[in-house]
Amino acid sequence: MGSCTNGVVSDQSGATSNGRASVDKGVDFANYFCTYAFLYHQKEMLSDRVRMDAYYNAVFQNKHHFNGKVVLDVGTGSGILAIWSAQAGARKVYAVEATNMAEHARELVKANNVQDVVEVIQGSMEDVQLPEKVDVIISEWMGYFLLRESMFDSVICARDRWLKPTGVMYPSHARMWVAPIRSGLGDQKQNDYESSMEDWYRFTDETQSYYGVDMGALTKPFAEEQKKYYLQTSLWNNLHPNQVIGTAAILREIDCLTASVSDILEVRSNFLSTVTLPNTRLCGFAGWFDVHFRGRKEVPAQNEIELTTAPSVDNGTHWGQQVFLLNPPIRVTEGDNLNGSFSMKRNKENHRLMEVEFNSEVKQYSGQLLPPFRNRYFIE
Ligand SMILES: C[S@@+](CC[C@H](N)C(=O)[O-])C[C@H]1O[C@@H](n2cnc3c(N)ncnc32)[C@H](O)[C@@H]1O
């Protein structure tokens, strides 16, 4: 049986099936996995009530998917989803975790008396060998704006290697959403950028007069660096729903049972949004996701559960929304239409980070077209 590299099946030599470079595991551990080895980080996820309630209800309101079944938990972390699967009647649960968190998961499994059912396996999902195929794959793989972290690659790999042809994915479906927003963050970030540049000019003056070296040659790259940091990096925010100024649009729908890694390497989509508030400012876009637990066509969920990270008054999540700011904002009003195209691809140096581009234009209610705008952002 081949293993998967970056979600791509590789042969014994490590060469990948589509020729893409494989990910250096040491670098990936240093950059990505290390935080998951800390309990404080797992606790942050375990304290997210929206997330917890959704998975809890998905499992316990659909026990027919778990009772007497074999389950694989991809990235078990503290072991919570594996423990719930066992409590819902699973015959066997394989709980795979790459980091040393596996040791804590093992303890937790024992302390909750499910050690006869749950087997914690420390290792990369891509490398692990299981003794049998499974009926259910459960995983909480979602990153900011769904795909940051690229962990879904590992779930796809697990599915292709270990899920029975009749198997069920938990969650079964996912969607990416976008909507136009108003926000004071743009002005704040513009001020931060300008203060940082003023500070740089003070620094170059002082370095010249005290130490006799002209640092001016570095002004342009410093400005670019700061611009990227303050103005081009998306921001985490839990927006109030009244900050959303137009209709939300779906950018991508994913069927977790059939999606391939090449389907999610890049997301490209056109979207249309109509402004729903009178006389307001288009300050940028917000991106979020939802996932659904629907079972599969032949064995549907008895109770479909939704986990949404949309702007909400009471139900914010640790994912929040990703905010992409426009500088300067554009005046818009109810009935104006926003035609946009969106693309998101992985950062070349770190496949777990994303680069996003929005191309948009506003067609006013009167029919007049405002100049199109194009912005690039980094999801760090
Ligand atoms: C978002 S956390 C979810 C943890 C836990 N399942 C929960 O719901 O609280 C993802 C976990 O998956 C682990 N993980 C990510 N990719 C993995 C892989 N390829 N193999 C094994 N574990 C992985 C991470 O170390 C992390 O603990």
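Test Tyr377 against the stated conditions and say whether it is under 26 Å from Asn242 (Cα atoms) and surrounded by 15 or more Cβ atoms within 10 Å (Cβ to Cβ).
Working: under 26 Å from Asn242 (Cα atoms): yes; surrounded by 15 or more Cβ atoms within 10 Å (Cβ to Cβ): yes.
Here the answer is yes, as Tyr377 does meet what is asked.
Exactly one condition in (1) assigned to a loop (DSSP other than H, G, I, E, B); (2) hydrophobic (A, V, I, L, M, F, W, C); (3) under 30 Å from Pro165 (Cα atoms) is not met by Val213; state its number.
The failed condition is (3).
Quick one: in segment 61-80, of everything that is part of a helix (DSSP H, G or I) and surrounded by fewer than 24 Cβ atoms within 10 Å (Cβ to Cβ), which residue is farthest from the ligand (Cβ to nearest atom)?
So the first thing to find is which residues in segment 61-80 are part of a helix (DSSP H, G or I), and the list is 63-65, 80.
If we keep only those that are surrounded by fewer than 24 Cβ atoms within 10 Å (Cβ to Cβ) too, we end up with 63-64, 80.
Numbers: Lys63: 19, His64: 22, Ile80: 5 Å.
Taking the candidates together, the pick is His64.
Sort out which residues of segment 164-178 are among the small types (Gly, Ala, Ser) and either within 20 Å of Phe289 (Cβ to Cβ) or buried (at least 24 other Cβ atoms within 10 Å of the Cβ) (or both), and write them in order of number.
Of segment 164-178, the ones among the small types (Gly, Ala, Ser) are 167, 172, 174.
Answer for segment 164-178, where residues must be among the small types (Gly, Ala, Ser) and either within 20 Å of Phe289 (Cβ to Cβ) or buried (at least 24 other Cβ atoms within 10 Å of the Cβ) (or both): Ser172, Ala174.
Examine segment 181-199 for a residue that is within 16 Å of the ligand (Cβ to nearest atom) and under 23 Å from the mean Cα position of the chain (by Cα), and state whether such a residue exists.
Here is the first cut: in segment 181-199, the residues within 16 Å of the ligand (Cβ to nearest atom) are none.
No, there is no match, as no residue in segment 181-199 is within 16 Å of the ligand (Cβ to nearest atom) and under 23 Å from the mean Cα position of the chain (by Cα).
Read through the list (1) within 15 Å of the ligand (Cβ to nearest atom); (2) surrounded by fewer than 19 Cβ atoms within 10 Å (Cβ to Cβ); (3) on the phi > 0 side of the Ramachandran plot, then give the number of the only condition that Asn100 fails.
The one condition Asn100 does not meet is (3).
Considering every residue within segment 156-167, establish whether at least one is within 13 Å of the ligand (Cβ to nearest atom) and aliphatic (A, V, I, L, M). Step through it out loud before you land on a result.
Taking segment 156-167 first, the residues within 13 Å of the ligand (Cβ to nearest atom) are 156-159, 161-162.
Retained after the next criterion (residues that are aliphatic (A, V, I, L, M)): 156, 158.
Yes, segment 156-167 contains at least one residue that is within 13 Å of the ligand (Cβ to nearest atom) and aliphatic (A, V, I, L, M).
For the subset of segment 87-97 comprising residues that are aliphatic (A, V, I, L, M) and surrounded by 24 or more Cβ atoms within 10 Å (Cβ to Cβ), which member is farthest from the ligand (Cβ to nearest atom)? Spell out how you get there, then give the answer.
Step one: of segment 87-97, the residues aliphatic (A, V, I, L, M) are 88, 90, 93, 95-96.
Still in the list and also surrounded by 24 or more Cβ atoms within 10 Å (Cβ to Cβ): 90, 93, 95-96.
On the way: Ala90: 15, Val93: 12, Ala95: 8, Val96: 5 Å.
Across segment 87-97, the extreme among qualifying residues is Ala90.
Could you pull out the residue among Asp153, Asp160 that is touching a His at 6+ places or on another chain (Cβ under 9 Å), assigned to a helix (DSSP H, G or I) and not assigned by TED's automatic domain parsing to the domain that holds Arg268?
On the way: Asp160 fails: touching a His at 6+ places or on another chain (Cβ under 9 Å).
Exactly one residue qualifies, and that residue is Asp153.
Can you report the number of residues in segment 142-169 which are touching a Phe, Trp or Tyr at 6+ places or on another chain (Cβ under 6 Å) and over 29 Å from Asn359 (Cβ atoms)?
1
Considering segment 86-130 alone, what residues qualify as being assigned to a helix (DSSP H, G or I) and either touching a Gly at 6+ places or on another chain (Cβ under 6 Å) or within 17 Å of Phe60 (Cβ to Cβ) (or both)? Break it down into steps so the answer makes sense when it comes.
Step one: of segment 86-130, the residues assigned to a helix (DSSP H, G or I) are 86-87, 101-111.
Correct list: Ala86, Gln87, Met101, Ala105, Leu108, Val109.
The values are calculated or read from the model by the stated rules, or taken from the named source; none is laboratory data. The model shown is predicted, which means the values in this text are computed figures rather than measured ones. With ideal geometry, Cβ positions are generated from the backbone for all residues, glycine too; neighbour counts draw on all protein chains shown.
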